[in-house]
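Notes follow once the structure below has been shown.
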Amino acid sequence: MSEHTAPHRTPNFSAGPATIPTEVLQRAQSEMLDWQGRGVSVMEVSHRSKEYIAITEKAESKLRSLMDIPDNYKVLFLQGGASLQFSAIPLNLLNNGRADYLSTGTWSDKAIKEAKRYAKLGLGEVNVVASGKQSNFTDVPASDEWNLSDDAKYFHYCANETIHGLQIFEPPKVDVPLIVDMSSNILSQPIDVSKFGMIYAGAQKNIGPAGLVIVIIREDLLNQASDWCPLLMNYTHQAEKESMSNTPATYSWYLAGLVFDWLEEQGGVEAIGKINQQKADLLYQTIDDSDFYNNPVAKQYRSIMNVPFTLADDSLDKVFLEESEKAGLLHLKGHRDVGGMRASIYNAVSLEWVEQLVDFMQDFEKKYA
Ligand code: PMP
């Protein structure tokens, strides 16, 4: 293949690990054997070397600039995924008090379940303010019905329920620090970081490969960890050690930095946010215009990153998946909790790929409806 031929990349709608921009993979490939003319790959150098530290500093400063992160927030590049933060949050912040949690789907419920384990051990109390379970997580209970605590240490929610395709666009208006799981919507649209106490996100959707989780935490929330908190999960300790208490996920961190470069080249979060909106509008319009496809989520909460949909006749699910794969459209199977299909349309999924998907859906409907 000549250097100028774009490599074939299969439209990939995986929920995560998800597609990574082609340019990022090409750059990583070009640097794989000989990084900066050193005859070694990034994976083979000490995380304490000044060359590697330069990578981490650049990644952090790019992320700060892309998200406009204020100076009074620490940015941590940790391991254990978003799931380990479900435990780290109560261990760092509950501190014998109460915490409020909003239940909107599988991921916020996992965070609740984990926090409750620590509450049971005597670390504090966990209060679920409301749950969308009655609607099968297709809607969010109205905020005036939430059973908020008077004295919560924090309020936790998931901004984008990856499985249910439900997104909360406006940060809840509460008087305590907001702790938000943004694993599947970070960097997809501009947000005001200063509205949050802490934002966390696993990397394997909009940031890069798995193995890395990003924690953005306001400094006044540090120095409160329980004595039980494992050192590696202690945000204060990790902030002091610049996320290098032990050997970090060096290659994932490097790739995250390349994704941040790519995002900057696309015009940043505002520009990608407009394309994301276009992609989501196109897909939801196709679904809504048809009696063959259905998305059950209340319109104001429809995720712009994960679009689940069902077929009117679920005996066609298997055929849809077989034919879509044959047509070169990958990973459209919905999560078993919801059934049907799901198209995850993260930053690196192009509008063209979504157009191909929509064409396929319309042809399939004509053939089988
Ligand atoms: N939160 C959300 C919203 C997710 O989508 C996921 C993973 N799909 C997680 C948390 C868990 O992430 P991890 O596998 O990195 O622990």
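The values are calculated or read from the model by the stated rules, or taken from the named source; none is laboratory data. Here the structure is a predicted model, which is why all the values come from computation and not from measurement. Because the Cβ atoms are built from the backbone with ideal geometry, glycine has one as well, and the counts that use them run over all protein chains shown.
Looking only at strands (runs of 3 or more DSSP E) that lie completely in the range 147-211, which have at least 2 residues being over 23 Å from Ser65 (Cα atoms)?
Fully inside the range 147-211 and qualifying: 152-158.
Every listed requirement among (1) closer than 25 Å to Lys205 by Cα; (2) in contact with a helix residue (DSSP H, G or I) (Cβ under 9 Å, 6 or more places away or on another chain); (3) more than 16 Å from the ligand (Cβ to nearest atom) is met by Arg38 save one, (1).
When the residues of the range 301-339 are filtered to those that are part of a loop (DSSP other than H, G, I, E, B) and of a type in the set (A, V, I, L, M, F, W, C), the one that is nearest to the chain's Cα centre (by Cα) is Met305.
Considering the range 98-155, and only residues there that are within 16 Å of the ligand (Cβ to nearest atom) and β-branched (Val, Ile, Thr), the residue that is surrounded by the fewest Cβ atoms within 10 Å (Cβ to Cβ) turns out to be Thr106.
Taking the range 251-284 as the range and being buried (at least 23 other Cβ atoms within 10 Å of the Cβ) and over 30 Å from Gln79 (Cβ atoms) as the test, the residues that pass are Lys279, Leu283. Does Asn95 meet the test of being modelled with pLDDT under 95, in contact with a helix residue (DSSP H, G or I) (Cβ under 8 Å, 6 or more places away or on another chain) and more than 14 Å from the ligand (Cβ to nearest atom)? For Asn95, the condition - modelled with pLDDT under 95, in contact with a helix residue (DSSP H, G or I) (Cβ under 8 Å, 6 or more places away or on another chain) and more than 14 Å from the ligand (Cβ to nearest atom) - is met.
Being assigned by TED's automatic domain parsing to the domain that holds Ala115, under 28 Å from Thr138 (Cα atoms) and under 16 Å from the mean Cα position of the chain (by Cα), is that true of even one residue in the range 215-234? Yes, the range 215-234 contains a residue that is assigned by TED's automatic domain parsing to the domain that holds Ala115, under 28 Å from Thr138 (Cα atoms) and under 16 Å from the mean Cα position of the chain (by Cα).
Looking at the range 211-247, which of the residues that are of a type in the set (Gly, Ala, Ser) and farther than 18 Å from His47 by Cβ is surrounded by the most Cβ atoms within 10 Å (Cβ to Cβ)?
Ala225
Per the conditions (1) without any contact (Cβ under 8 Å) to a residue 40 or more places away in the chain; (2) more than 19 Å from Met244 (Cβ to Cβ); (3) of a type outside the set (Phe, Trp, Tyr); (4) touching a strand residue (DSSP E or B) at 6+ places or on another chain (Cβ under 7 Å), the sole criterion not satisfied by Glu31 is (4).
Yes/no per residue for (1) among the small types (Gly, Ala, Ser); (2) out of contact with any Leu (no Cβ under 9 Å at 6 or more places or on another chain):
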| residue | (1), (2) |
| --- | --- |
| Ala130 | yes, no |
| His164 | no, yes |
| Met182 | no, yes |
| Val215 | no, no |
| Asn234 | no, no |
| Gln238 | no, no |
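Condition check ((1) closer than 19 Å to Ala239 by Cβ; (2) not β-branched (Val, Ile, Thr)) across all residues:
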| site | (1), (2) |
| --- | --- |
| Gln29 | no, yes |
| Val40 | no, no |
| Glu44 | no, yes |
| Glu60 | yes, yes |
| Pro90 | yes, yes |
| Ala99 | no, yes |
| Ala111 | no, yes |
